[in-house]
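For reference, the structure discussed in these notes is given below.
Quick note: the coordinates plus some simple rules give every number you see, no bench work behind them. What you see is a predicted model, and the numbers here were worked out from it, not measured in a lab. Backbone-built Cβ (ideal geometry, glycine too); neighbour counts: all protein chains shown.
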Amino acid sequence: MDELIHQKIVESISISEVGRILVENDLQPHRSRYWLNVKPDKFRDKKINNICSVYKNAATTSDELFISYDEMTGVQALERIADDLPMSVKKPQAIEFEYKQHGTQTLIAGMNVATGEIIGACGDTRTEEDLKNFIDRVISENQGYKKYHFVGDQLNTHKSESLVRLVAELCQSTEELGIKGKTGILASMQTREAFLSSPDKKVVFHYTPKHASWMNQIEVWFGMLAKKVIVRGSFKSTEELKEKIMSFIDYFNKTMAKPFKWTYQGKVMVV
């Protein structure tokens with residue numbers, strides 16, 4: 001009100017009049033929300049279409065392995081200071097608000113797109129070495145495939161020097177890798193991504209566009225894990241948290257795993 005008068009928009013105005021104007025124009029100055037300005041990516045549709053093709057091929061190509069992977073970081077080992085109150089008629093389960101913090105864990109997990117089964121590694125850190133070791137483990141435990149596909153996001157550890165060297169070794173590549181930050185394949189994030197995503201190798205990475213995590217199927221499973229294990233859990237240590245996560249993965253693979261029905265097919269590319 002004072003600002004309207006200060007800017008000489010009106011000579012005088014009452015609080016009720018301001019309220020009436022806001023209501024009539026459906027304006028809510030007391031509220032705000034966050035929004036995400038989508039960054040331009042001229043290859044966005046191409047990347048989305050590529051990943052849709054990966055998911056489609058997973059259902060029909062038995063001699064290739066398709067893995068959707070990512071990291072779930074900062075998973076907190078929270079110990080509730082009092083027991084939950086069980087649900088009763090017209091009352092949901094009541095979870096104690098206060099807790100003790102016992103540290104965090106990082107889960108690196110991959111979903112077999114064709115079967116829905118999960119492979120996971122839970123630990124204290126999320127480094128490029130951790131991710132490299134996870135990828136190496138997935139391939140080592142699934143020998144005999146003609147080709148290995150990994151769907152991941154734009155995180156820097158997904159395009160690291162360690163990962164490039166691992167893939168070059170697994171594919172017996174004779175290309176000169178160069179020096180990180182200076183020359184060759186290792187020169188930059190862009191050159192490393194180009195090498196890792198090149199389709200003419202035994203191990204191929206497929207990258208989602210920025211701000212398109214909904215394209216990564218493992219994210220759906222992370223939501224299931226959070227809902228069924230983490231949100232309602234009470235953990236006395238990071239070891240107990242880790243044990244519960246890994247036990248759930250075993251239980252999920254035995255009783256719940258099945259491929260997601262992926263219906264989105266991307267956009268028609270204009271040539």
222 nm mean residue ellipticity, helices alone, for the chain (DSSP H n ≥ 4; -39,500 (n - 2.57); rounded to 500)
-9500 deg cm²/dmol
Computed lengthening from LEU22 to SER62, 0.36 nm per intervening residue step minus Cα-Cα distance:
8.3 nm
Just to confirm a number: summing +1 for Lys and Arg and -1 for Asp and Glu over residues other than ASP70 whose beta-carbon lies under 10 angstrom from that of ASP70, what do you get?
-3
Taking LYS244 as the anchor, which lysines have their alpha carbon closer than 19 Å to its alpha carbon, excluding any fewer than eight residues away along the same chain?
LYS100, LYS227, LYS228, LYS236, LYS254
Long-range HN-HN contacts of SER197 with modeled amide H, under 5 Å
PHE205
Amide H neighbours of ARG80 under 5 Å, at least 5 residues apart or on other chains, H built in the peptide plane: list them.
LYS100, PHE235
For the chain, what is the largest minus smallest coordinate of the Cα atoms on each principal axis, given in angstrom and ordered from greatest to least?
79, 56, 38
In the structure shown, do any of LYS132/LYS180; LYS201/LYS261; LYS146/LYS210; LYS56/LYS147 have a Cα-Cα gap over 24 Å, and if so which?
LYS201/LYS261; LYS146/LYS210
Translational diffusion coefficient, Stokes-Einstein: compute it for segment 25-177 using the Kirkwood radius over C-alpha pairs as Rh, at 37 °C and 0.692 mPa s, and state it as an integer in µm² s⁻¹.
167
